[in-house]
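The structure appears below as C-alpha cells.
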C-alpha cells in the first residue's frame, strides 16, 4: 500500500475544515489522468479510528461529487496535476486538535485489466495554539 505516491496523497485543507467537518486535499496517486469512475476513496481513519464515508463528497474543479456516484462518472476526468478536496462530516471532529489522518485510495486503470492500485497516505494535523 505504501508506494511512490503515498507521501503526497493527502494533506489537510485547513481553510475548509470546521468543527464537525473534515476537508482533505487529495492528489491522484497515478501517473496519468483518470476518469472518476475508476477511483475509489476506500477508507478514512482519524487517530486509528475508522470514519464512515457515508455522505462524503469529492470536490474537483469546482464540482462536488458524492462518493457513491463516482463509479458512473466516466466522463469526469481527474487530471494528474490537480488536487481534489474530500469533504466528510465527522461528529466530534475538532480542527484545532492534533490528529493522525489516514486515507486509502484504490484505482482501477481501464487500460490495465485486473489491476487494483492501492495507495495509503497519512498526514498529521498540527495542533494550533
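A short reminder: the numbers here are calculations on the coordinates, not readings from a lab. On a predicted model such as this, the values are computed, not experimentally measured, just so you know. Neighbour counts run over all protein chains shown; Cβ positions are idealised from the backbone, glycine included.
Hydrodynamic radius of the chain by the Kirkwood approach over all distinct alpha-carbon pairs: 14.9 Å. Spherically averaged projected area of the convex hull of Cα atoms, region 56-123: 6.0 nm². On full extension, the segment bounded by residue 53 and residue 8 gains 14.1 nm, given 0.36 nm per residue less the C-alpha separation. Please give the residues of region 16-32, grouped as numeric ranges, whose backbone N is less than 12 Å from a label point set 7 Å along the Cα-to-Cβ vector of residue 96. Counting only backbone N, you get 19.
Roughly how many Å is it from the Cα centre of region 25-42 to that of region 46-85, as a whole number? Using only Cα atoms to place each centre, the spacing works out to 9 Å. Which residues does a label at residue 115 reach in region 72-92, if reach means a backbone N under 15 Å from a point 7 Å past the Cα toward the Cβ? Within reach of a label on residue 115: no residues. When peptides 33-42, 75-84 are sorted by average Cβ neighbour count within 10 Å, with the highest value leading, the order is 33-42, 75-84. Treating the Cα atoms of region 1-55 as identical point scatterers in vacuum, please give the log10 of the normalised Debye intensity I(q)/I(0) at q = 0.18, 0.21, 0.29 Å⁻¹, two decimals. Evaluating at q = 0.18, 0.21, 0.29 Å⁻¹ gives log10 I(q)/I(0) of -0.78, -1.05, -1.39.
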